[in-house]
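Novice: Pasting a structure here, questions to come.
The values are calculated or read from the model by the stated rules, or taken from the named source; none is laboratory data. All values derive from a computational prediction rather than experimental measurement. Don't worry about glycine lacking a Cβ; one is built from the backbone with ideal geometry, like all the others, and counts go over all protein chains shown.
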Amino acid sequence: MYKKFFGLRANPFSVSPDPRYLFLTRHMQEALDCLTYGIQSRKGFVLLTGEVGTGKTTLINMLLELLREQQVATAFIFNSRLDKQQFLDYMMADFDIPHDSKSRSQGLIQFYNWLLDRFRAGETAVLIVDEAQNLSEELLEEIRMMTNVETSTEKLLQILLVGQPELDQKLKQPQLRQLRQRIALRARTYPLSLEETKAYVNQRLRIAGSSGRQIFDPASLAAIYHYANGIPRVVNLICEHCLVSAFADQQKVVHVDAVDAVVRDLDLGDENALADIAPPVSPVRRVPPAPAPPRPPASAAPGSKSDLREALKSLTDLADRLRESEPDLRKKTKS
Ligand SMILES: Nc1ncnc2c1ncn2[C@@H]1O[C@H](COP(=O)(O)OP(=O)(O)OP(=O)(O)O)[C@@H](O)[C@H]1O
Ligand SMILES: [Mg+2]
């Protein structure tokens, strides 16, 4: 309703994680480099964690766009409260793998065969699981098993687990240590600094069509940073309410007292007490930058015979294990 009043084409502070609005801070860029590097070099498991509202889903939406541009097969699971069968069905549907079997074991074998076909063609597959802090231990173990189809140096399936810091805590449990040990790379998202918050708000306004005229004065931006503690989702929430309230008052510029009033009404509580989630003073883990878009590495191009043999062997082993664990299937294959 305020768009015309402020000369905007779109709503600049929508809470949906729209990659068009991506604001790449240094930490964000490092996280993106880390994820693309992990996928390119077929590391298997990569972990992305960060506090609520700090841009994890926004970042992976951007990554998904990059991967799809490169025709890398991707599956994106954002409902982490699925059971094992639902997870498999959903993943296969998202990978576009025809899957008619009612048996989980047969479905898995179909999936592993598909992975092998891709490997033979020199291609990789990427599974991204968002909200992974909610995954049951059983499902986490199932996901770990999925990376068991591998050569001696490379995983056939790349898995990116994305979640709030509770995910890290969960993975510290002794029963999940096998999975924890397989995590090859870790990336993080962080709240924005004051300078980043100012640039973030202005970039969003610009992308939404603003001519560059100042809508938030400098003191109001400092107040927004302070109240939101640099959490982009909270910044968006406050800014959106400030625009509505300024429009109601027919004010073309948002001043600090308007921010104070909005925050009082929003009753943000102490959810942003974030002393322990600010970025580290020293740079976060550096990984080699990934200038080229993700492509399978040369060594993965139509797999060498020995690599293929290894992958086939691990597939056969898995199929044997599955048959043992499912009497129905054993009967079918014996008859
Ligand atoms: N770097 C960023 N650039 C642009 N917008 C961002 C950025 N980070 C966060 N946002 C915005 O903040 C909001 C929350 O971001 P997002 O949903 O990606 O956070 P999250 O870390 O996935 O949160 P949760 O832990 O609740 O899933 C979204 O509206 C998103 O557009
Ligand atoms: Mg999210």
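Every residue, every condition in (1) surrounded by 12 or more Cβ atoms within 10 Å (Cβ to Cβ); (2) of a type outside the set (S, T, N, Q); (3) modelled with pLDDT of 95 or more; (4) under 24 Å from the mean Cα position of the chain (by Cα), yes or no:
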site: Cys239; (1), (2), (3), (4): yes, yes, yes, no
site: Val253; (1), (2), (3), (4): yes, yes, yes, no
site: Arg264; (1), (2), (3), (4): no, yes, no, no
site: Ile277; (1), (2), (3), (4): yes, yes, no, yes
site: Pro283; (1), (2), (3), (4): no, yes, no, yes
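Novice: What tally of residues in the range 205-234 results from selecting those that are closer than 22 Å to Leu268 by Cα, in contact (Cβ under 8 Å) with a residue 60 or more places away in the chain and either part of a helix (DSSP H, G or I) or assigned by TED's automatic domain parsing to the domain that holds Thr57 (or both)?
Specialist: 3
Novice: Restricting to the range 67-82, name every residue that is closer than 16 Å to Ala93 by Cβ and within 15 Å of ligand 1 (Cβ to nearest atom).
Specialist: Hits for the range 67-82 are Phe76, Ile77, Phe78, Asn79.
Novice: Another question, if that's okay. Could you please find all residues in the range 11-66 being at pLDDT below 95, among the acidic types (Asp, Glu) and either assigned to a helix (DSSP H, G or I) or more than 9 Å from ligand 1 (Cβ to nearest atom) (or both)?
Specialist: Correct list: Glu65 only.
To keep it simple, each residue is scored yes or no on (1) at pLDDT 95 or above; (2) more than 16 Å from ligand 2 (Cβ to nearest atom); (3) closer than 17 Å to Thr147 by Cβ; (4) assigned by TED's automatic domain parsing to the domain that holds Thr147.
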residue: Glu69; (1), (2), (3), (4): no, yes, no, yes
residue: Ala73; (1), (2), (3), (4): yes, yes, yes, yes
residue: Phe78; (1), (2), (3), (4): no, no, no, yes
residue: Leu82; (1), (2), (3), (4): no, yes, no, yes
residue: Gln86; (1), (2), (3), (4): no, yes, no, yes
residue: Asp89; (1), (2), (3), (4): no, yes, no, yes
residue: Asp100; (1), (2), (3), (4): no, yes, no, yes
residue: Ser105; (1), (2), (3), (4): no, yes, no, yes
residue: Tyr112; (1), (2), (3), (4): no, yes, yes, yes
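Novice: Related question: How about the range 147-170: which of its residues are more than 16 Å from ligand 1 (Cβ to nearest atom) and buried (at least 21 other Cβ atoms within 10 Å of the Cβ)? Talk me through it step by step, then tell me what you get.
Specialist: Applying the first criterion (more than 16 Å from ligand 1 (Cβ to nearest atom)) to the range 147-170 yields 147-159.
Passing the criteria: Val149, Thr151, Glu154, Lys155, Leu156, Leu157, Gln158, Ile159.
Quick grid of which residues meet (1) crowded, with 24+ Cβ neighbours inside 10 Å; (2) within 12 Å of ligand 1 (Cβ to nearest atom); (3) closer than 27 Å to Phe45 by Cα; (4) aromatic (Phe, Trp, Tyr):
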{"site": "Arg188", "(1), (2), (3), (4)": "no, yes, yes, no"}
{"site": "Arg213", "(1), (2), (3), (4)": "no, no, no, no"}
{"site": "Ala223", "(1), (2), (3), (4)": "no, no, no, no"}
{"site": "Tyr227", "(1), (2), (3), (4)": "no, no, no, yes"}
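Novice: Could you look through the range 12-21, keep only residues that are buried (at least 17 other Cβ atoms within 10 Å of the Cβ) and away from ligand 2 (no atom under 16 Å from the Cβ), and pick out the one that is farthest from Leu48 (Cα to Cα)?
Specialist: Among those that are buried (at least 17 other Cβ atoms within 10 Å of the Cβ) and away from ligand 2 (no atom under 16 Å from the Cβ), it is Pro12.
Novice: State the number of residues belonging to the range 115-159 that are over 22 Å from the mean Cα position of the chain (by Cα) and not in a loop (DSSP other than H, G, I, E, B).
Specialist: Total satisfying the criteria: 6.
Novice: Additional query: Scan the range 117-138 and report the pairs whose first residue is within 24 Å of Lys56 (Cα to Cα) and charged (D, E, K, R) and whose second residue is in a loop (DSSP other than H, G, I, E, B) and within 16 Å of ligand 2 (Cβ to nearest atom), with Cβ atoms within less than 7 Å and a gap of 6+ or a chain change.
Specialist: Asp130/Phe78; Glu131/Phe78; Glu131/Ser80
Novice: Another question about this same structure. Looking for whichever is free of Cβ contacts under 8 Å to residues at least 40 places away in the same chain and surrounded by fewer than 21 Cβ atoms within 10 Å (Cβ to Cβ) here; the options are Leu24, Leu8. Which one fits?
Specialist: On the way: Leu8 fails: free of Cβ contacts under 8 Å to residues at least 40 places away in the same chain.
So the residue among Leu24, Leu8 that is free of Cβ contacts under 8 Å to residues at least 40 places away in the same chain and surrounded by fewer than 21 Cβ atoms within 10 Å (Cβ to Cβ) is Leu24.
Novice: Look through Leu59, Leu108 and report the one residue that is over 22 Å from Ala184 (Cα atoms), buried (at least 20 other Cβ atoms within 10 Å of the Cβ) and in contact (Cβ under 8 Å) with a residue 60 or more places away in the chain.
Specialist: Just a single option satisfies the conditions, and that option is Leu108.
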